[in-house]
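**Q** Encoded as structure tokens, here's the structure I'll be asking about.
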Amino acid sequence: VRSTPFRGGDWGKRFRLDLSFNSIILRMNILRGINILFRYNLLHSRGLSSGVELSNRVAVVLSGCGVYDGSEIHEASACLVHLSRHGAEVSMFAPDKTQYHVINHCTGNPAEGESRNVLVESARIARGNITSLHELKTSSFDAVVFPGGFGAAKNLSSFAIDGDGMTIDKEVERIIREFREANKPMGFCCISPVLAAKVLSDVEVTVGMDTENDERWPYAGTAAAVQSMGAKHFNRDVSEIHVDIVQNVLTTPAYMCNAPIHQIFDGIGNMISTLVNMIQHE
């Protein structure tokens, strides 16, 4: 076997060639990395990056804390859980004003001599992270959601007192009109569809069924009231929703029905899922 003599000059040439080749590869990899980074940032800025979705910004409007004089807590929580599950960026709002009255939730009777603030009470649900309703800017959000509870009929409007002759909080009316003009989705649970019925002409909503059906639907008379205000009512079961595709209004009965909490949760989940899908296809 003949050995190949080592030549220092050959080794030097090979080293210089290898070094030059490695430098070219390194530069190509750097350029490739810069190109990938640029494309990622460009796609991400458009919300199109594979596996990376920009958060949908959703405003949730509360009306106090507690079913009889504020937001229905289970409904509000269901809205927040489902929005979180869909990756939405949620901000909560409530009017900074004295609520209509305070109800003792043990007895169902008014608490004489007590007075509470809607914003302060709503902060209990929001864990303190809440803003006055007049600061809600439509341009900053992709959708808005109104949970139910008697607060919607007492603090956001006077429906509980005046029925179809109700008045509505000026900020609530402003927000509904602005979201409609911007063609952005709006979700309403339980009794809160009366707000849409008052503000939007010919809007389609559901508040459940229009007959009591052995007390399963104790607030069935609300269907006639929303129609008196010019809205169109559609009978829907507790787990169902109705979508007005023209005005981008979604409604679900929730606790307008005497139903188990999981059915309330599922109905609100259907509404939120559809709302998020509408945002993504705008």
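The values are calculated or read from the model by the stated rules, or taken from the named source; none is laboratory data. Treat the numbers as computed from the prediction; the structure is a model and nothing was measured. For neighbour counting, all protein chains shown are included, and Cβ atoms are generated from backbone atoms with ideal geometry for every residue, glycine included. Note: areas computed on protein heavy atoms with side chains; ligands, DNA, RNA excluded. Shrake-Rupley method; radii C 1.70, N 1.55, O 1.52, S 1.80 Å.
**Q** So which residues in the range 82-98 are of a type in the set (Ser, Thr, Tyr) and not in a helix (DSSP H, G or I)? Steps first, please.
**A** Keep residues of the range 82-98 that are of a type in the set (Ser, Thr, Tyr), which gives 84, 91, 98.
Ser91, Thr98 - these are the residues of the range 82-98 that are of a type in the set (Ser, Thr, Tyr) and not in a helix (DSSP H, G or I).
**Q** May I pose another question? So, in the range 62-99, how many residues would count as being over 19 Å from Asn270 (Cα atoms) and either small (Gly, Ala, Ser) or open to solvent by less than 20 Å² (accessible area, probe 1.4 Å) (or both)? Spell out the reasoning first.
**A** Start the filter on the range 62-99 by keeping residues that are over 19 Å from Asn270 (Cα atoms), which leaves 62-71, 91-99.
From what is left, the residues that are either small (Gly, Ala, Ser) or open to solvent by less than 20 Å² (accessible area, probe 1.4 Å) (or both) are 62-64, 66, 69-71, 91, 93-95, 99.
The number of residues fulfilling the criteria is 12.
**Q** Ok, one more. Do you know which residues across the range 237-258 are closer than 18 Å to Asp202 by Cβ and crowded, with 17+ Cβ neighbours inside 10 Å? Show your work before the answer.
**A** Kept after step one, since they are closer than 18 Å to Asp202 by Cβ, are these residues of the range 237-258: 242-251.
The answer is His242, Val243, Asp244, Gln247, Asn248, Val249, Leu250, Thr251.
**Q** Would you please name the residue that is least open to solvent (accessible area, probe 1.4 Å), looking only at residues in the range 259-282 that are closer than 25 Å to Pro218 by Cβ and assigned to a loop (DSSP other than H, G, I, E, B)?
**A** Across the range 259-282, the extreme among qualifying residues is Ala259.
**Q** Restricting to the range 221-236, count the residues that are in contact with a helix residue (DSSP H, G or I) (Cβ under 8 Å, 6 or more places away or on another chain) and either buried (at least 19 other Cβ atoms within 10 Å of the Cβ) or in a loop (DSSP other than H, G, I, E, B) (or both).
**A** Selection size over the range 221-236: 8.
**Q** Next question. Is it the case that the range 145-164 has a residue that's farther than 21 Å from Leu275 by Cβ, of a type in the set (Asp, Glu), outside any strand (DSSP E or B) and in contact with a Gly (Cβ under 6 Å, 6 or more places away or on another chain)?
**A** no
**Q** Checking Met209 against (1) of a type in the set (A, V, I, L, M); (2) under 21 Å from Val58 (Cα atoms); (3) surrounded by fewer than 23 Cβ atoms within 10 Å (Cβ to Cβ), which test does it fail?
**A** (2)
**Q** Picking from Val249, Val203, which residue would you name as being farther than 22 Å from Asp69 by Cβ and over 18 Å from the mean Cα position of the chain (by Cα)? Steps first, answer last, please.
**A** Numbers: Val249 fails: over 18 Å from the mean Cα position of the chain (by Cα).
The unique qualifying residue is Val203.
**Q** If a residue must be closer than 27 Å to Ala259 by Cα and part of a loop (DSSP other than H, G, I, E, B), how many such residues does the range 191-220 contain?
**A** 18
**Q** Can I ask one more? Which condition number does Cys79 fail, the rest of (1) in a strand (DSSP E or B); (2) under 25 Å from Ile261 (Cβ atoms) being met?
**A** So the condition that Cys79 fails would be (1).
Yes or no, residue by residue, for (1) open to solvent by less than 60 Å² (accessible area, probe 1.4 Å); (2) in contact with a Lys or Arg (Cβ under 8 Å, 6 or more places away or on another chain); (3) not hydrophobic (A, V, I, L, M, F, W, C):
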site: Thr107; (1), (2), (3): no, no, yes
site: Glu112; (1), (2), (3): no, no, yes
site: Ser122; (1), (2), (3): yes, no, yes
site: Leu136; (1), (2), (3): yes, no, no
site: Phe141; (1), (2), (3): yes, yes, no
site: Asp162; (1), (2), (3): no, no, yes
site: Thr167; (1), (2), (3): no, no, yes
site: Val172; (1), (2), (3): yes, no, no
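**Q** Condition check: out of contact with any helix residue (DSSP H, G or I) (no Cβ under 8 Å at 6 or more places or on another chain), modelled with pLDDT under 95, more than 15 Å from Ala197 (Cα to Cα) and of a type outside the set (A, V, I, L, M). Does Glu112 satisfy that?
**A** Numbers: out of contact with any helix residue (DSSP H, G or I) (no Cβ under 8 Å at 6 or more places or on another chain): yes; modelled with pLDDT under 95: yes; more than 15 Å from Ala197 (Cα to Cα): yes; of a type outside the set (A, V, I, L, M): yes.
Criteria met by Glu112.
**Q** Only one of (1) of a type outside the set (Lys, Arg); (2) part of a strand (DSSP E or B); (3) touching a residue at least 60 places away in the same chain (Cβ under 8 Å); (4) open to solvent by 40 Å² or more (accessible area, probe 1.4 Å) fails for Phe188. Which number is that?
**A** (4)
**Q** Going by the structure shown, is Arg39 under 27 Å from Ile279 (Cβ atoms) and modelled with pLDDT under 95?
**A** yes
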